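One structure below.
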Amino acid sequence: MTNSLFSRRDFIRKSGTAVAGLPVLSIAANQVIGANDRLQIGIIGCGSRGQDSHMKDIHRFDIDQNVCITAVCDPWKQHREQAAAMAKEWYGKEPRQFEDYKQLLALDDLDAVTIAAPDFQHCAILKLAVESGKDVYCEKPIAITLEELNDAVDAVKKTDRVVQVGTQLRSESTFTGCKKVVQEGKLGKIIKCVQVRNSYRPYWHGYARPVEKEDANWNVFLRGRNPRPWDADQFSTWYGYRDFSSGPIGGFMSHFVDLVHYITGAKFPRSAVTMGGIYTWKDQRTCPDSIHTLLDYPEGLMVSYTSLFGNGYDNFYRFYGTKGTIHGKGWSAPSMTGEGIDDPDRIREETLVPESPMPKHMEDFLQCLRSRKKPNADIDAGYQHGVACILADHAWVEKREMVFDPEKREIHST
C-alpha cells in the first residue's frame, strides 16, 4: 500500500471532527494499525454480489479492521474493471486484475479472499484457496454436489484457515434475538419451521446481460463443466441453469435452512422430499420456478420451504413451538405469539422478539482474520446448510424421499 493512501485517510480522519457525518472515521483513526499490518484481500467474482455485498461490506469496515482490497478476479471484463475502479477509488491504488481465480490464488501477499463466483465453482475455489494459505469468505450455497462439499470441508479442516460462509442472516440482531428466545425455552419445543418465499419473476431474469464473447473468458467460467459453444445467456443468467445452480433451493432455501440450524440448534436433516418444476416461466433455462421441500430432522422437527415464481403474494416465515410461535414477513421485526396454544405456560401477549446485537457478518469475518476465532458461520455451519440443500435437490431430481447418512456422509434413497 502506498503512502498516498495514508495521506488521504489521515486527511479524512483529521477533518472528521469538522465535517458532519464522519464520526465513525474519526473514531477509527485511533484504531488503525501500520501499513505493514494491513491485511490484503482478493475478490473472486465481481458481479453484483461481489461488488455490492462483499466489496462494499469490506469497505464499510476497512479502517476499523485495517484491511484493503488489492486484487480482483472475474472472467467478464466489464465486472472486473468495475470492481477495480471501486477499489482504486477507495484505496488510491490500482488493484491487480485477473480473469482466472487460479492466478489470483497464486499471489503470496494476499491474506484472504472472498468468493462470489457461480455456485458450481464455490467448492473448487474454496479448496484451492485454503490450500494456498488464504482465509476465505465464501458465498452460499457452499456447494451443489455432496462429493465436492465433502472434499472442500476436508481440505478446510486440514488447515488452520478461517472460513466464513455467506449465510449472513444469522449475524442479524433480529435472528440472534430469535435464537436467544428459543434457547431460553420461551417457545417450548420447536416442532415445525416454515418459509414461503415467492416472487413474480425468477431472480435470474434480472441478471441477463448482452455479454460479448471477446469480453469474457468462457473456458474459465466453464471450468468443472463440459465444454460447449459460447452462450451469453448461460454466462450471465447462470443462476437459472441446472449445470451451474440448484435454483431456489441453493439460492433462497439455503438462507432459511441455515437460520433453522442457527436458531434451533438442529444440525442435519434425516430425510427430504421435494416437489416442483417449471410451471410458469418456460424458456431455455432449466432450474425449477416452483419448489416445495419438506425436511425431517432427528430432533423431532419438520422444515417446510416453498418458492413460487409467477406470483409474489404472501412471503413469510414461522417457527412453531409448543408454547409460542415466531413469525415475520421480512428480515426485520419478527414477532412472537401464543395464539393457537392451550399450554398454561404459553406466550401470553404478542410482542416483538427482542434484538440481540452482534457484529455484522463481514465484520465478524474481518475480526476473525486477526483473532483466529471461529466465525459465526464457520465451515461446520456451511456443511450443514450445504447437506440440507443438496439432499433437497436430490429428492427433487429422484422424485422420491432421500436420506442423509451423517456417519458415511452419503445420500441414498429410502
Identify, please: which residue in the stretch 200-215 is out of contact with any helix residue (DSSP H, G or I) (no Cβ under 7 Å at 6 or more places or on another chain) and in a helix (DSSP H, G or I) and is, among those, farthest from Lys77 (Cα to Cα)?
His205
All positions within the stretch 249-282 that are among the hydroxyl-bearing types (Ser, Thr, Tyr) and in contact with a Ser or Thr (Cβ under 6 Å, 6 or more places away or on another chain):
Thr274, Tyr279
Take the stretch 367-382 and flag every residue that is surrounded by fewer than 24 Cβ atoms within 10 Å (Cβ to Cβ), in a helix (DSSP H, G or I) and not polar (S, T, N, Q).
Cys368, Leu369, Arg370, Asp380, Ala381
(1) more than 19 Å from Cys389 (Cβ to Cβ); (2) touching a residue at least 40 places away in the same chain (Cβ under 8 Å); (3) not in a strand (DSSP E or B): which one isn't true of Thr280, the others all being true?
(2)
Test: Asp364 is of a type in the set (Asp, Glu), within 29 Å of Lys56 (Cβ to Cβ) and crowded, with 18+ Cβ neighbours inside 10 Å
yes
Which numbered condition in (1) surrounded by 13 or more Cβ atoms within 10 Å (Cβ to Cβ); (2) at positive phi is the only one that Ala333 fails?
(1)
Taking the stretch 72-97 on its own, how many of its residues are surrounded by fewer than 24 Cβ atoms within 10 Å (Cβ to Cβ) and either in contact with a Pro (Cβ under 6 Å, 6 or more places away or on another chain) or part of a loop (DSSP other than H, G, I, E, B) (or both)?
4
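Conditions tested, residue by residue: (1) assigned to a strand (DSSP E or B); (2) assigned by TED's automatic domain parsing to the domain that holds Ile191; (3) modelled with pLDDT under 95.
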{"residue": "Gly312", "(1), (2), (3)": "no, yes, no"}
{"residue": "Met336", "(1), (2), (3)": "yes, yes, no"}
{"residue": "Gly340", "(1), (2), (3)": "no, yes, no"}
{"residue": "Phe365", "(1), (2), (3)": "no, no, no"}
{"residue": "His385", "(1), (2), (3)": "no, yes, no"}
{"residue": "Ile390", "(1), (2), (3)": "no, yes, no"}
{"residue": "Val403", "(1), (2), (3)": "yes, yes, no"}
{"residue": "Glu407", "(1), (2), (3)": "no, yes, no"}
For the condition β-branched (Val, Ile, Thr) and either surrounded by fewer than 20 Cβ atoms within 10 Å (Cβ to Cβ) or outside the structural domain of Ala143 (by TED's automatic domain parsing) (or both), what is the one hit in Ile115, Ile63, Ile69?
Ile63
Has the stretch 142-158 got at least one residue that is within 12 Å of the chain's Cα centre (by Cα) and within 13 Å of Gly382 (Cα to Cα)?
yes
Residue that is modelled with pLDDT of 95 or more, in a strand (DSSP E or B) and crowded, with 23+ Cβ neighbours inside 10 Å, where the choices are Val257, Val303:
Val303
Assuming Ile190 fulfils every condition listed in (1) more than 29 Å from Ile326 (Cβ to Cβ); (2) in contact (Cβ under 8 Å) with a residue 60 or more places away in the chain; (3) of a type in the set (A, V, I, L, M) apart from one, which condition is it?
(1)
Out of Val156, Val162, I need the residue that is aliphatic (A, V, I, L, M), outside the structural domain of Lys282 (by TED's automatic domain parsing) and in contact with a Pro (Cβ under 7 Å, 6 or more places away or on another chain). Which one?
Val162
I'm trying to understand the selection: among the residues of the stretch 195-207, which are surrounded by 13 or more Cβ atoms within 10 Å (Cβ to Cβ) and not charged (D, E, K, R)?
Gln195, Val196, Asn198, Ser199, Tyr200, Pro202, Tyr203, Trp204, His205, Tyr207
Quick check: is even one residue across the stretch 30-39 touching a strand residue (DSSP E or B) at 6+ places or on another chain (Cβ under 8 Å), modelled with pLDDT of 95 or more and under 30 Å from Glu214 (Cβ atoms)?
no
Would you say Lys323 is assigned by TED's automatic domain parsing to the domain that holds Ser307 and either polar (S, T, N, Q) or surrounded by 14 or more Cβ atoms within 10 Å (Cβ to Cβ) (or both)?
yes
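The values are calculated or read from the model by the stated rules, or taken from the named source; none is laboratory data. Computed from a predicted structure; not experimentally measured. Every residue, glycine as well, gets a Cβ built from its backbone with ideal geometry; the counts of neighbours run over all protein chains shown.
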